[in-house]
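First the structure, then my questions, so here it is.
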Protein chains: 2
Amino acid sequence: MIKKFSKLKSITESEIIEKYLKKLNFDKKESFGFKNDSAYLNSFQNKKIIITNDSIIENVDFFKNDSAQSIAHKIVTSNLSDLSAMGVKPYSYTLNLCIPNYITVDWIENFSNHLFKLQKKYNFFLLGGDLSKSKQLMVSSTFFGHTKYKNIILRDHVKMDDDIWVTGNLGESYVGLKILKNKISNNLDNKIKNYFLKKYYFPKPCMIGYKIAKYCNSGIDISDGFINDLKKIIGKGFGARIKLNSIPTSKFMKIILNKNMLKFDEIINCGDDYELILTVPKKFSHKIQEISYKNKIKVSRIGEIIKTKGIFSIYGKSIISKNYFKHFS
Amino acid sequence: MIKKFSKLKSITESEIIEKYLKKLNFDKKESFGFKNDSAYLNSFQNKKIIITNDSIIENVDFFKNDSAQSIAHKIVTSNLSDLSAMGVKPYSYTLNLCIPNYITVDWIENFSNHLFKLQKKYNFFLLGGDLSKSKQLMVSSTFFGHTKYKNIILRDHVKMDDDIWVTGNLGESYVGLKILKNKISNNLDNKIKNYFLKKYYFPKPCMIGYKIAKYCNSGIDISDGFINDLKKIIGKGFGARIKLNSIPTSKFMKIILNKNMLKFDEIINCGDDYELILTVPKKFSHKIQEISYKNKIKVSRIGEIIKTKGIFSIYGKSIISKNYFKHFS
């Protein structure tokens, strides 16, 4: 199930499949060895297959000259992160590549090698896909995962008094982007710069969702900034009270904040963090702590679901979402 | 599971979903009402879920000013046709829309209404999708269908002496494209012109695959011209003998051929026919005829699988695939 391709200059479609893409099916029968326009999914006893999809586009979600590795990383992370937010374990995926003229064989090699690495790490394989020619580079992917129906974490299942948890540190990839766009003073240690650039180019999905799914009432991954995504889960029925000084930030972020290079507001309003926001009944706090400790994943309890609509600090001040510069304004 | 959208000028993402896309989920639970970044698939007892995907891109698979209805039609037909060639019944799909600035709310309305019509006709629903902004219009879709594992029709399961069958008439949409590009003399009746243009803009998937799957050894849908797709199923192990005068053509095509406006070669070498090539053991001929008659679907037995590699006429002359002009050369 790898189809259609208007040739790269020096290589045919079947050579691309044979040399670079075939390894990604991990020899799984489901892919029919990429010999058909289709693939099949095995069913999992007592489990549902969950699907999610995402597209990333040149000049929208990444820059034209970003490395093949970074682009591969982003399409995988955005999809794995969605699955994790649903409490789902990854299983397989399909890939649609729309490739402009400037893409080289080396690019394809780097792209597929990086996918291979991530597939090994997170344990999923390529079912098939579609190759076509376009003006902009576009990578679109449908991911499949599985879990028991009752363990699926839904966005709109928030309950009153739930604790609000967040994974990892916020604002990291956003700072990377600001550095990249020279919107943060050059007066910054290279080590710190590279730390944030890496967070921007190679964001990590937080894969704790499947492990704690049964304790969570609701969840989402952060792709529009913490406040915007929090809004999506509280919806129209609830509000949230947030302990702003519990918002998790890295030690390098603290340096940047101390130097007034960044407003704290930006951390909670911007960026594709790919961290998770989860709401959890108070009685399961120790379970979340236990499992995250065991898996060495940072989690922070940063607030709770309240009746009063809106998002507030613990001092009752309303926290309003703000629009800072977007990726490509 | 409808995500991300950089606004059309006068309408927000959630209005698009609510007003135009929501109806496409047919109120199926699997879509989570488009409120999550994911959807789930029900499992079918004793059946496999088959997936296929296809992208169509402005200036590659359609022209910029083609109607929203035609573009909706093509993404559906190309995917349903793939499923049918596998012997699979359609079930649901996801949709990735990459939308450039020139797309209007009317366009979205026409596009979604046409999808709705096709969903009703062929009985499948929208699970979810992804909306983004781009320079070129791009529609990418993953389709899901189901069938018993043993009934899946595979490309590479051709057997010696199989009859080669083809559905419908060949070359129709190709002639439509030639008319559109003024590559066919203007000296042609309007009725005939419109007939072929309709075949180009609104190609029909041939949905007989699921009904005859258990009698077929191998199959493919024609998206690169009959000869090219036939080559894919005979692979490296077999050849084919074709009765050229049994190649099915419509009465209007015969007029065009008689007027020497088209070479016969073009009919078998060009075009997205979305008809099926199927190879069937001789003993099942009557089954194919019976089922196609009952379903009012034209089928023609046009040749057989032979040992000698290559594609030949019944007089032993080699039929070589030729490249005529491509959609956008």
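The values are calculated or read from the model by the stated rules, or taken from the named source; none is laboratory data. Quick caveat: nothing in here was measured; it's all calculated off a predicted structure. In this analysis, Cβ positions are derived from the backbone assuming ideal geometry, glycine residues included, and neighbour counts consider all displayed protein chains. The protein model used for the area step is the full one, side chains on, heavy atoms only, and it has no ligands, DNA or RNA in it. Shrake-Rupley method; radii C 1.70, N 1.55, O 1.52, S 1.80 Å.
If you scan the range B:13-31, which residues turn out to be polar (S, T, N, Q) and open to solvent by less than 50 Å² (accessible area, probe 1.4 Å)?
B:N25, B:S31, listed by residue number.
Let me ask something else. Tell me which residues, restricted to the range A:199-230, are charged (D, E, K, R) and either surrounded by fewer than 17 Cβ atoms within 10 Å (Cβ to Cβ) or away from chain B (no Cβ under 13 Å) (or both).
A:K199, A:K204, A:K211, A:K214
Residues are listed down the side, and each one gets a yes or a no for (1) surrounded by fewer than 22 Cβ atoms within 10 Å (Cβ to Cβ); (2) modelled with pLDDT under 95; (3) hydrophobic (A, V, I, L, M, F, W, C):
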| site | (1), (2), (3) |
| --- | --- |
| A:D265 | yes, yes, no |
| A:D272 | no, yes, no |
| A:V280 | no, no, yes |
| A:H286 | yes, no, no |
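Another one. Taking into account only those residues within the range A:32-53 that are in contact with a Gly (Cβ under 9 Å, 6 or more places away or on another chain) and more than 22 Å from A:D82 (Cβ to Cβ), which is most open to solvent (accessible area, probe 1.4 Å)?
Result: A:K35.
Residues of the range B:146-202 being assigned to a loop (DSSP other than H, G, I, E, B), of a type in the set (S, T, N, Q) and more than 17 Å from the chain's Cα centre (by Cα), which ones?
If the condition is that a residue be assigned to a loop (DSSP other than H, G, I, E, B), of a type in the set (S, T, N, Q) and more than 17 Å from the chain's Cα centre (by Cα), then B:N182, B:S185, B:N186, B:N187 are the ones that fit.
Ok, one more. Sort out which residues of the range B:240-252 are surrounded by fewer than 16 Cβ atoms within 10 Å (Cβ to Cβ) and small (G, A, S), and write them in order of number.
B:S246, the sole residue that qualifies.
Kindly check whether there is at least one residue in the range A:37-48 that is on the phi < 0 side of the Ramachandran plot and within 13 Å of the chain's Cα centre (by Cα).
No: zero hits.
Additional query: I want to confirm something. Restricting to the range B:159-180 and keeping residues that are of a type in the set (V, I, T) and open to solvent by less than 10 Å² (accessible area, probe 1.4 Å), which single residue is farthest from the other protein chains (Cβ to nearest Cβ)?
Of everything passing the filter in the range B:159-180, B:V175 is farthest from the other protein chains (Cβ to nearest Cβ).
Residue check: is B:S140 in contact with a Phe, Trp or Tyr (Cβ under 6 Å, 6 or more places away or on another chain) and under 18 Å from B:N59 (Cα atoms)?
No.
Name the residues in the range B:285-305 that are over 16 Å from B:S246 (Cβ atoms) and either among the hydroxyl-bearing types (S, T, Y) or over 25 Å from the mean Cα position of the chain (by Cα) (or both), would you? First the steps, then the outcome.
The first filter runs over the range B:285-305 and keeps only residues over 16 Å from B:S246 (Cβ atoms), leaving B:286-287, B:290-291, B:293-297.
B:H286, B:Y293 - these are the residues of the range B:285-305 that are over 16 Å from B:S246 (Cβ atoms) and either among the hydroxyl-bearing types (S, T, Y) or over 25 Å from the mean Cα position of the chain (by Cα) (or both).
Please give the number of the condition B:S132 fails out of (1) surrounded by fewer than 22 Cβ atoms within 10 Å (Cβ to Cβ); (2) among the polar types (S, T, N, Q); (3) more than 11 Å from chain A (Cβ to nearest Cβ).
(3) is the only condition that B:S132 fails.
Just one of the numbered conditions (1) within 28 Å of B:E30 (Cβ to Cβ); (2) within 13 Å of chain B (Cβ to nearest Cβ); (3) open to solvent by less than 10 Å² (accessible area, probe 1.4 Å) is not true of A:L137; which one?
Of everything listed in (1) within 28 Å of B:E30 (Cβ to Cβ); (2) within 13 Å of chain B (Cβ to nearest Cβ); (3) open to solvent by less than 10 Å² (accessible area, probe 1.4 Å), A:L137 misses just condition (1).
What are the residues in the range B:58-75 that are more than 7 Å from chain A (Cβ to nearest Cβ) and not polar (S, T, N, Q), if any?
Step one: filter the range B:58-75 for residues more than 7 Å from chain A (Cβ to nearest Cβ), giving B:58-59, B:61-75.
Result: B:E58, B:D61, B:F62, B:F63, B:K64, B:D66, B:A68, B:I71, B:A72, B:H73, B:K74, B:I75.
Here are some residues: B:S84, B:S31, B:S78, B:S55. Which one is more than 10 Å from chain A (Cβ to nearest Cβ), farther than 19 Å from B:T104 by Cβ and under 13 Å from the mean Cα position of the chain (by Cα)?
The unique qualifying residue is B:S84.
Looking at (1) part of a loop (DSSP other than H, G, I, E, B); (2) open to solvent by less than 10 Å² (accessible area, probe 1.4 Å), can you tell me which one B:M261 breaks?
(2)
Another question about this same structure. Can you pull out the residues in the range A:34-52 that are more than 7 Å from chain B (Cβ to nearest Cβ) and either touching a residue at least 40 places away in the same chain (Cβ under 8 Å) or among the charged types (D, E, K, R) (or both)?
Listed by number, the residues that qualify are A:F34, A:F44, A:N46, A:K47.
I'm trying to understand the selection: among the residues of the range B:63-86, which are crowded, with 22+ Cβ neighbours inside 10 Å and either over 27 Å from A:F34 (Cβ atoms) or touching a Leu at 6+ places or on another chain (Cβ under 9 Å) (or both)? Let's see the steps before the verdict.
Within the range B:63-86, the first condition is being crowded, with 22+ Cβ neighbours inside 10 Å, and the residues that meet it are B:71-86.
Hits for the range B:63-86 are B:I71, B:A72, B:H73, B:I75, B:V76, B:T77, B:L80, B:S81, B:S84, B:A85, B:M86.
Take the residues in the range A:118-145 that are farther than 22 Å from B:F144 by Cβ, without any contact (Cβ under 8 Å) to a residue 60 or more places away in the chain and part of a loop (DSSP other than H, G, I, E, B); name whichever of them is nearest to the chain's Cα centre (by Cα).
Per the criteria, the residue is A:N123.
What about B:T142, is it open to solvent by less than 10 Å² (accessible area, probe 1.4 Å), within 10 Å of chain A (Cβ to nearest Cβ) and touching a Gly at 6+ places or on another chain (Cβ under 7 Å)? Steps first, answer last, please.
Values: open to solvent by less than 10 Å² (accessible area, probe 1.4 Å): yes; within 10 Å of chain A (Cβ to nearest Cβ): yes; touching a Gly at 6+ places or on another chain (Cβ under 7 Å): no.
Criteria not met by B:T142.
Assess whether A:S92 counts as being open to solvent by less than 20 Å² (accessible area, probe 1.4 Å), out of contact with any Lys or Arg (no Cβ under 8 Å at 6 or more places or on another chain), among the hydroxyl-bearing types (S, T, Y) and within 10 Å of another protein chain (Cβ to nearest Cβ).
no
Are any of the residues in the range A:145-155 crowded, with 19+ Cβ neighbours inside 10 Å, under 30 Å from A:S14 (Cα atoms), in contact with a helix residue (DSSP H, G or I) (Cβ under 8 Å, 6 or more places away or on another chain) and modelled with pLDDT under 95?
no
Name the pairs: first residue in the range A:279-303 and within 9 Å of A:D163 (Cα to Cα) and hydrophobic (A, V, I, L, M, F, W, C), second residue at pLDDT 95 or above and in a helix (DSSP H, G or I), Cβ to Cβ under 8 Å, at least 6 apart or on different chains?
Sorted first by the residue in the range A:279-303, then by its partner, the pairs are A:V280/A:I212; A:V280/A:Y215; A:V280/A:I288; A:I302/A:S246.
Does at least one position in the range A:117-124 carry a residue that is within 14 Å of chain B (Cβ to nearest Cβ) and out of contact with any Gly (no Cβ under 8 Å at 6 or more places or on another chain)?
no
Which condition breaks for B:C98 when tested against (1) within 14 Å of another protein chain (Cβ to nearest Cβ); (2) at pLDDT 95 or above; (3) open to solvent by less than 10 Å² (accessible area, probe 1.4 Å)?
Condition not satisfied by B:C98: (2).
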